[in-house]
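Colleague: Have a look at this one.
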Amino acid sequence: MKEKKTGMKFDPDLRIIKPYPFISKVFMRKSFIWTAILITVIFTAGLFLLYSSLLDIRVTRQDPVQRILPDTRPQVFFGVVSRYSPHLLYEGYQPLMDYLSRQTPFRFRLKLSHSYDETIEQLRNGQVVAAFLGTYIYLKSRKKDHLHCILKPLNKEGKPFFRSVVITGSHNTIRTLSDLQNKRLALPSPLSYSANWLFFERRLSKKHLALVRYFNFHNTVVYQVLKGNFDAGVVKDRVANAFTNKGIRIIYRSAPIPASPIVVHQNTNPQISKAITDALLKIDIRQPKFKKLVESWDAEFRYGFVPARDADYVFMTGGGQ
């Protein structure tokens with residue numbers, strides 16, 4: 001019997017109908033296309049889910065309000081004397097503001113100033129609720145401007161002190177204070193303790209110097225000495241330490257000076273003062289979470305804080321070393 005040409009072949013062993021080769025190819029091509037489309041859709045969906053997870057672009061069920069509503073907490077300003085350039089101040093102090101905002105019912109913002117006196121004025125008129133103040137200007141202003149210290153930072157040794165130091169160029173022949181006679185001396189702000197320390201202790205007299213000039217920032221004093229524009233300068237020890245083996249040498253150190261305090265005005269809301277104190281006293285750099293937290297803070301604040309009292313701050317008259 002002759003097979004009818006129906007486009008199909010009958011295989012009596014497999015009992016299935018086999019398509020001609022060209023029909024098989026069409027079917028396989030369509031299957032491949034649909035499989036490719038399905039794989040593409042799955043791959044694209046997977047990428048979207050991964051991208052959303054990494055960037056956290058979805059509003060999660062755990063934190064919907066924070067992502068939708070603005071922060072309505074009271075905004076308060078924290079002042080700082082102009083001991084460093086605005087760039088350095090913001091870089092080292094803003095992370096501390098961010099920490100206070102996370103730990104308290106308030107939103108803290110840093111408010112810079114052009115001078116030490118301006119920060120005092122900001123405290124006096126209520127523009128700032130607290131300030132990072134210098135030791136000397138605090139001593140000078142606390143009574144007449146009704147200021148109170150609440151905290152002071154610890155140094156690397158875990159003590160609430162700093163030192164002022166006399167620096168000179170690494171290759172300069174100056175070795176002692178007596179070598180400064182008839183030399184050029186660069187100093188930071190006249191309202192900083194470092195600018196006045198040597199004269200407080202009568203270790204040096206301006207009349208024996210060829211030139212004395214004040215600069216706005218401690219770092220500027222270092223740069224003036226590095227450039228050779230001045231024979232020596234006076235800065236805080238932590239600033240000088242950052243330039244160790246980078247062209248300067250320390251020739252004289254003061255006795256320990258009480259660390260620059262955080263202060264508030266007598267009219268500052270006690271709840272704000274307590275919130276600042278409680279949050280900063282929590283910091284314990286022996287714990288890994290706090291050690292990591294303070295890595296981006298200004299070096300002056302990387303070792304924690306202790307409570308401060310007005311009685312801690314007196315004019316230092318002891319000798320240097």
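The values are calculated or read from the model by the stated rules, or taken from the named source; none is laboratory data. All values derive from a computational prediction rather than experimental measurement. Cβ coordinates were reconstructed from backbone atoms using ideal geometry, including for glycine residues, and neighbour counts include every protein chain displayed.
Colleague: Would you confirm, using the coordinates I've provided, whether residue 239 is buried (at least 18 other Cβ atoms within 10 Å of the Cβ), outside the structural domain of residue 136 (by TED's automatic domain parsing) and out of contact with any His (no Cβ under 7 Å at 6 or more places or on another chain)? Spell out the reasoning first.
Modeller: Numbers: buried (at least 18 other Cβ atoms within 10 Å of the Cβ): yes; outside the structural domain of residue 136 (by TED's automatic domain parsing): yes; out of contact with any His (no Cβ under 7 Å at 6 or more places or on another chain): no.
Criteria not met by residue 239.
Colleague: Mind counting the residues in the range 192-244 that are of a type in the set (Lys, Arg) and within 23 Å of residue 132 (Cβ to Cβ)? Break it down stepwise before answering.
Modeller: Narrowing the range 192-244 to residues of a type in the set (Lys, Arg): 202-203, 206-207, 213, 227, 236, 238.
When the remaining residues are screened for being within 23 Å of residue 132 (Cβ to Cβ), the result is 236, 238.
Selection size over the range 192-244: 2.
Colleague: For the range 285-298, check the following and say yes or no: at least one residue is touching a residue at least 24 places away in the same chain (Cβ under 8 Å) and within 22 Å of residue 141 (Cα to Cα).
Modeller: No.
Colleague: Do we find a residue being among the small types (Gly, Ala, Ser) and buried (at least 19 other Cβ atoms within 10 Å of the Cβ) anywhere in the range 286-309?
Modeller: The answer is yes, given that some residue of the range 286-309 is among the small types (Gly, Ala, Ser) and buried (at least 19 other Cβ atoms within 10 Å of the Cβ).
Colleague: Let me ask something else about it. Out of 242, 299, which single residue is small (Gly, Ala, Ser) and in contact with a helix residue (DSSP H, G or I) (Cβ under 7 Å, 6 or more places away or on another chain)?
Modeller: 299
Colleague: With respect to residue 190, determine if the residue is without any contact (Cβ under 8 Å) to a residue 60 or more places away in the chain and either within 25 Å of residue 244 (Cα to Cα) or not assigned by TED's automatic domain parsing to the domain that holds residue 294 (or both). Write out each step before concluding.
Modeller: Working: without any contact (Cβ under 8 Å) to a residue 60 or more places away in the chain: yes; either within 25 Å of residue 244 (Cα to Cα) or not assigned by TED's automatic domain parsing to the domain that holds residue 294 (or both): yes.
It is true that residue 190 is without any contact (Cβ under 8 Å) to a residue 60 or more places away in the chain and either within 25 Å of residue 244 (Cα to Cα) or not assigned by TED's automatic domain parsing to the domain that holds residue 294 (or both).
Colleague: Could you please let me know if residue 75 is at pLDDT 85 or above, more than 28 Å from residue 242 (Cβ to Cβ) and of a type outside the set (D, E, K, R)?
Modeller: yes
Colleague: Select from the range 102-125 the residues that are in a helix (DSSP H, G or I) and in contact (Cβ under 8 Å) with a residue 24 or more places away in the chain and list them in ascending order. Before you say what the answer is, go through the steps one by one.
Modeller: Let us first name the residues in the range 102-125 that are in a helix (DSSP H, G or I), namely 102-103, 116-124.
Answer for the range 102-125, where residues must be in a helix (DSSP H, G or I) and in contact (Cβ under 8 Å) with a residue 24 or more places away in the chain: 103, 116, 117, 118, 119, 120, 122, 123, 124.
Colleague: Looking at (1) within 18 Å of residue 153 (Cβ to Cβ); (2) surrounded by 15 or more Cβ atoms within 10 Å (Cβ to Cβ); (3) touching a Phe, Trp or Tyr at 6+ places or on another chain (Cβ under 9 Å); (4) not hydroxyl-bearing (Ser, Thr, Tyr), can you tell me which one residue 264 breaks?
Modeller: (3)
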